[in-house]
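The values are calculated or read from the model by the stated rules, or taken from the named source; none is laboratory data. In this text the structure is predicted, and so the values were computed from the model without any measurement. Quick reminder, even Gly has a Cβ in these numbers, built from the backbone with ideal geometry, and neighbours come from all protein chains shown.
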Amino acid sequence: MSDSRHSSEWRVAVIGGGVAGMSAACALAEAGFRVQLVERRGYLGGRASSYLHPGVNEVIDNCQHVLFGCCTNLIGFYRRVGALERIHWSSGMTMIEPGTGRRSPLGPSKIGPVGLTAPLHALPKLLAAKAFTRADKLALARAFRALLRPIPPDTTEDLASWLKRQGQTTGAIERFWRLVIASALNADLDSIALPYAAKVVRELFMNSAEAGRMGMSTVPLSELYAGAAEFLCGRGSDVIFNANVESANWDGVKEQWSVTTRDGMIAADFLVLALPFEATAKLVAKMPPAEGAAKLAAQIERHEHWPICSVHLWFDREITDMEHAILLDRELHWMYNKGRLQPWRKTRGSYLELLVSVSRSFAALTREQAIEKALDELAEFFPEASRAKLIKAAVVKEVRATFGVPPGIDAARPGAVSPWPNCFLAGDWTATGWPSTMESAGRSGHIAAEAVCKSAGMRRKFLEPDLKPRGLMRLVRQGTGNRK
Ligand SMILES: Cc1cc2nc3c(=O)[nH]c(=O)nc-3n(C[C@H](O)[C@H](O)[C@H](O)COP(=O)(O)OP(=O)(O)OC[C@H]3O[C@@H](n4cnc5c(N)ncnc54)[C@H](O)[C@@H]3O)c2cc1C
């Protein structure tokens, strides 16, 4: 579809106000389209959002979300809507052991004022880490060296079998591969395709210090997106809240979509479905018959959810001076000191968020059991927790947190072009080459926005370039994100 209309005469309905929908909508509004962003909830952010938790009377994130320097499209979206200055960056992570509380910092090193060249920048701290034995370190060095070679993107090998082939020790597997890498991908080792694991290791530890720095919001997640709603409204576009889209129909004569919500109809020239895979399946089942629709439905069927749980605890005193930590050898995986990361909260005492990824057994616990377990384990890392008084607590279970990336999953990740005319797909699960992350969502939004522009006869670029690997890593062929 292409005619002589100016972009401001084109109407686009973007369904879903998560990171994918917001980044598509803002890019299109910038290009001059009149966008209606339609969200079923009363706030933006989707799986990365915050809300007033009635039990603790505090605005909390549904879960701590971190980004990394390599997340160029998410950063581009944040920059576009003025959210970037609300991100606090941290160059390292610290592992902490239960019982002794012994700490092992990981991250880039410098010689004097000069940073070491990639991939050596992270090596000194890894080699000095007390959390690993000599044998663990040798095994990790061996695996990192293997990642200097290209991984065939179509390999069917999973991470568990590759680790076996690389002779990884139990310490390296449990404390690095399971806790850091599999937890970032939120899946079991044998359910992770090797190229996705390689991508995470390279971006976080090998490509450059900039790619591996970790960012955390200093405000609740939905507040980060206030700028997105303002950005849209300031450009003649709009956000429609509390509007669950029930169906979408194409009028071939008017060449127009009509989107049905409980409260009425929205007409649009273009449609972007920026939904999680299960919501996409529900909606496309009610769309007009189209060639390729059955293939899309079959692709969606292959996706699987993985859960993440978080326990939020408020104490009458400081438990630790650390901003965040990787908790070794227990069910809890990550600690975020939200009171410190978000000083505007003026928390009396402290507010910690504890995360359990790949948490099928933790998700089965009752609220009371989850809090008790979190308190017991926390005291093993930070003894002050056993002396402190717990003021209040909240448990958030996200059973549909992320989709898995097992071998072969790329064949089940569709591109932006859908089987229907003027209808495009976005969402973290679509073909971005990234695992289930905000970056994948942001990237998919930019890809879909470019596809809409192309269909309207405009050439616009929204996809942000990847960060270039530095040093020796420039010589490694890493494969790029898919875009179809
Ligand atoms: C607990 C947890 C922890 C995570 N941690 C991280 C992390 O640290 N770093 C990271 O990068 N990623 C993390 N993720 C993953 C990240 O949140 C997602 O990959 C990303 O937010 C997905 O964005 P999306 O826009 O593709 O989908 P969603 O966020 O799911 O957005 C889809 C939107 O569509 C709306 N919707 C659904 N159906 C309809 C309908 N019929 N009509 C209208 N609207 C509808 C939904 O309400 C939602 O707002 C985490 C996820 C969870 C749940």
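Here is a check on your reading of the model: is PRO406 within 16 Å of the ligand (Cβ to nearest atom), at pLDDT 95 or above, of a type outside the set (D, E, K, R) and touching a helix residue (DSSP H, G or I) at 6+ places or on another chain (Cβ under 7 Å)? No. Any residue at all in the range 283-295 that is of a type in the set (A, V, I, L, M, F, W, C), under 26 Å from ARG360 (Cα atoms) and within 24 Å of the chain's Cα centre (by Cα)? No, the range 283-295 contains no residue that is of a type in the set (A, V, I, L, M, F, W, C), under 26 Å from ARG360 (Cα atoms) and within 24 Å of the chain's Cα centre (by Cα). The C-beta contact set for the range 129-145 (first residue polar (S, T, N, Q), second residue part of a helix (DSSP H, G or I), distance under 7 angstrom, 6+ apart or interchain) comprises THR133/GLY171. Of the residues LEU52, LEU44, LEU67, the single one that is more than 14 Å from the ligand (Cβ to nearest atom) and either under 13 Å from SER222 (Cβ atoms) or out of contact with any Lys or Arg (no Cβ under 6 Å at 6 or more places or on another chain) (or both) is LEU52. Within the set LYS199, LYS164, the sole residue that is closer than 19 Å to ARG145 by Cα, crowded, with 22+ Cβ neighbours inside 10 Å and not small (Gly, Ala, Ser) turns out to be LYS199. The number of residues in the range 373-401 that are within 28 Å of the chain's Cα centre (by Cα), part of a helix (DSSP H, G or I) and either surrounded by fewer than 16 Cβ atoms within 10 Å (Cβ to Cβ) or within 16 Å of the ligand (Cβ to nearest atom) (or both) comes to 1.
For the range 91-126, a residue qualifies if it is under 24 Å from LEU475 (Cβ atoms), surrounded by fewer than 16 Cβ atoms within 10 Å (Cβ to Cβ) and at pLDDT 90 or above, and exactly one does: PRO124. Return a yes/no flag: does the range 39-47 have any residue that is of a type in the set (Lys, Arg) and out of contact with any Gly (no Cβ under 9 Å at 6 or more places or on another chain). Among the residues of the range 39-47, not one is of a type in the set (Lys, Arg) and out of contact with any Gly (no Cβ under 9 Å at 6 or more places or on another chain), which makes the answer no. ALA118 satisfies every condition listed in (1) touching a Lys or Arg at 6+ places or on another chain (Cβ under 8 Å); (2) more than 12 Å from the ligand (Cβ to nearest atom); (3) in contact (Cβ under 8 Å) with a residue 60 or more places away in the chain; (4) over 22 Å from ALA211 (Cβ atoms) except (4). A single entry from ARG34, ARG79, ARG5 fulfils the requirement of being of a type in the set (D, E, K, R), out of contact with any Cys (no Cβ under 6 Å at 6 or more places or on another chain) and either closer than 23 Å to ALA243 by Cα or near the ligand (Cβ under 7 Å from one of its atoms) (or both): ARG34. Between a first residue in the range 4-24 that is among the aromatic types (Phe, Trp, Tyr) and a second residue that is more than 8 Å from the ligand (Cβ to nearest atom), which pairs have beta carbons less than 8 Å apart while being 6 or more apart in sequence or on different chains? Final answer for the pair search is TRP10/PHE33; TRP10/ARG34; TRP10/ASP269; TRP10/PHE270; TRP10/ALA456. Looking only at residues that are among the hydroxyl-bearing types (Ser, Thr, Tyr) and within 10 Å of the ligand (Cβ to nearest atom) in the range 436-464, which one is farthest from THR72 (Cα to Cα)? Top of the filtered list is SER436. Residue pairs whose Cβ atoms lie under 6 Å apart, sitting 6 or more positions apart in sequence or on different chains, and linking a residue in the range 66-81 that is in contact (Cβ under 8 Å) with a residue 12 or more places away in the chain and closer than 18 Å to SER208 by Cβ to a partner that is within 13 Å of the ligand (Cβ to nearest atom) and not in a helix (DSSP H, G or I), are VAL66/MET214; VAL66/MET216; LEU67/GLY215; PHE68/MET214; LEU74/LEU67.
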